[in-house]
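Taking it in order: structure first as structure tokens, then the write-up.
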Amino acid sequence: MPNIYSNIINFNSNSTKKIIKILSKNGIIGLPTETVYGLAANAYSETAIKKVYSAKKRIKRNPLIIHYYDLNRAKKDVILDNKFYKLYKKFSPGPITYIVKKKKNSKIKSIASANLKTVGIRFPKNKIIRKILKKIRFPLAMPSANKSSSISPVSAEDVSDEFKNRIKVVDGGYSKIGIESTVLNLVGSTCILRPGKITTDDVESVLGQKIKISYNKKIIKSPGMLKKHYSPGIPVKLNCKNASNKDAFIVFGKKYKKGKNIFNLSHKGDLKQAAKNLYKTMRKIKKLNFKKIRVVKIPNQNIGIAINDRLTKASNK
Ligand code: TXA
Ligand code: MG
């Protein structure tokens, strides 16, 4: 029987060489990060970046996040200010993307950042991606490794399911956080464009100023804001108190009983655990062939804000 996951590769010294070769020759590959799996390409190569847009069927005006190993490398491409340094010291490497100004002589290809004057940069924490970033001499443009408008992958198998074996992916187990990075705009007014594990409170405590979550409808600053995004492909209804046996029922907390159609994001009511289980659960429900998803109200605090953001987008028709 053919192995449906024959494109998944284990991470070891042999495969490291192979991964680096793929990336250096302008190929693309799925890689684990602490948030979700990414589809990686050399950010200095137009050929490689075009492959990412095409594989994801992503619109060209939706910029990619550029991933760096460290500050010294990032400094060559972008302009960094004091605000950035304070935040970097506290949160990076980690699940946060900073929107900063691009340098005129930046080597990042314009199409990677949708011809904008700004660029989203992130310093991921996951050990595998850091080992790879350390060894290559270019940063990685890396969107989540899913088809546009679908939900992000949190395992190598998920990536495989998205691209039907056409793209190699490195196995790094389940993503620790399970939800995409916080996107923080540092050009003009400081605001969060996409909520994540690092919250407004976290950023406020470092900067000593009020931070808003901005959902600007006119400019698609962060196409995580595109209306139909993060869709599991079946209707999702939020803030439900119950569900029929036919529908998948996503719940949170210990008051819910077990059942074939009941999927508890966290029995102990832990929002971080719920975030980690969110996309995994949605994919499971889809595979089990449920036709509808109902979700209970999830507390809108800490990472719960990001969970509700993704659920709201998943529920948009
Ligand atoms: O956790 C993550 O951020 C994952 C992992 C793989 O690192 N990546 C990820 O990439 O979620 P993607 O492409 O799925 O989402 C990137 C988000 C989009 O909403 C995009 O619009 C926004 O970042 N973004 C990137 N560059 C931007 C810029 N210059 N200005 C505003 N938003 C930007
Ligand atoms: Mg994405």
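The values are calculated or read from the model by the stated rules, or taken from the named source; none is laboratory data. Model, not experiment: these values are computed from the prediction. Neighbour counts are summed over all protein chains in view; Cβ atoms, including those assigned to glycine, are modelled from backbone coordinates with ideal geometry. Just the protein is used for accessible areas: all its heavy atoms, side chains included, with ligands, DNA and RNA removed. Shrake-Rupley method; radii C 1.70, N 1.55, O 1.52, S 1.80 Å.
Roughly what would the spin-label model give for S110 and K258, points 7 Å off Cα along C-beta, in nm?
Once both label points are built, they end up 5.9 nm from each other.
Over all Cα pairs of the range 165-317, how is the pair count split among 10 Å bins, expressed in % and running from 0 up to the last occupied bin?
Whole-percent P(r) values from 0 Å outward: 10, 36, 33, 17, 3.
Positive end of the dipole of the range 112-204, charges at C-beta (+1 Lys, Arg; -1 Asp, Glu), about the Cα centre: which of S155, N115, T182 has its Cα farthest in that direction?
Looking along the dipole axis, the top candidate is N115.
From the convex hull of the Cα coordinates of the range 234-279, what is the mean projected area in square nanometres? If you can, show how the numbers build up before the last one.
On the way: hull surface 13.7 nm².
Mean projected area of the Cα convex hull: 3.4 nm².
For the range 4-66, treating each Cα as an identical point scatterer without solvent, what Debye log10 I(q)/I(0) comes out at q = 0.24, 0.27, 0.29 1/Å?
-1.16, -1.31, -1.37
Nearest 10 degrees, 0 to 90: what angle lies between the long axis of helix 82-91 and the longest principal axis of the chain (Cα atoms)?
Helix 82-91 sits at roughly 50 degrees to that axis.
Beyond 17 Å, how much of the Cα-Cα pair distribution for the range 1-123 remains, as a whole percent? Present the calculation step by step, with values, prior to reporting the outcome.
Values: 4601 of 7503 pairs.
That tail contains 61 percent of the Cα-Cα pairs.
Under the Kirkwood approximation applied to all pairs of distinct alpha-carbon atoms, what is the hydrodynamic radius of the chain in Å? List each step's numbers first, then the result.
On the way: mean 1/r = 0.0502 Å⁻¹.
Computed over Cα pairs of the chain, the Kirkwood hydrodynamic radius comes out at 19.9 Å.
Using the basic label-point model (7 angstrom from Cα toward the beta carbon), what is the N3 to E46 distance in nanometres?
Output for this residue pair reads 3.8 nm.
Go ahead and estimate [θ] at 222 nm for the chain from helices alone: -39,500 (n - 2.57) per DSSP H run with n ≥ 4, summed, over the residue count, rounded to 500.
Working: 9 runs with 93 residues, N = 317.
Value at 222 nm, helices only, nearest 500: -8500 deg cm²/dmol.
Run a plain Debye calculation on the range 113-184 (Cα atoms as equal point scatterers, no solvent) and give log10 I(q)/I(0) at q = 0.17, 0.20, 0.24, 0.27 Å⁻¹, rounded to two decimals, same order as the q list.
Reported log10 I(q)/I(0), two decimals: -0.79, -1.07, -1.37, -1.44.
Taking all protein chains in place and a 1.4 Å probe, what share, in percent, of the accessible surface of the range 1-123 do carbon and sulfur account for? Mind showing how you got there, number by number?
Values: 3150 of 6040 Å².
After summing per-atom areas, the C and S share lands at 52 percent.
When all protein chains stay in place, what accessible area (Å², nearest 10, 1.4 Å probe) is found for R61?
Number for this one is 150 Å².
In nanometres, what is the gap between the two model label sites at N12 and I234, each 7 Å from Cα along Cα-to-Cβ?
Placing both labels 7 Å along Cα→Cβ, they lie 3.9 nm apart.
Using only Cα atoms and rounding to the nearest 10 degrees, what angle (0 to 90) does helix 46-56 make with the longest principal axis of the chain?
10 degrees
Peptides 15-25, 40-50: what's the order by average Cβ count within 10 Å, highest mean first?
Details: 15-25: 15.3, 40-50: 22.1.
Put in order of decreasing packing, that is 40-50, 15-25.
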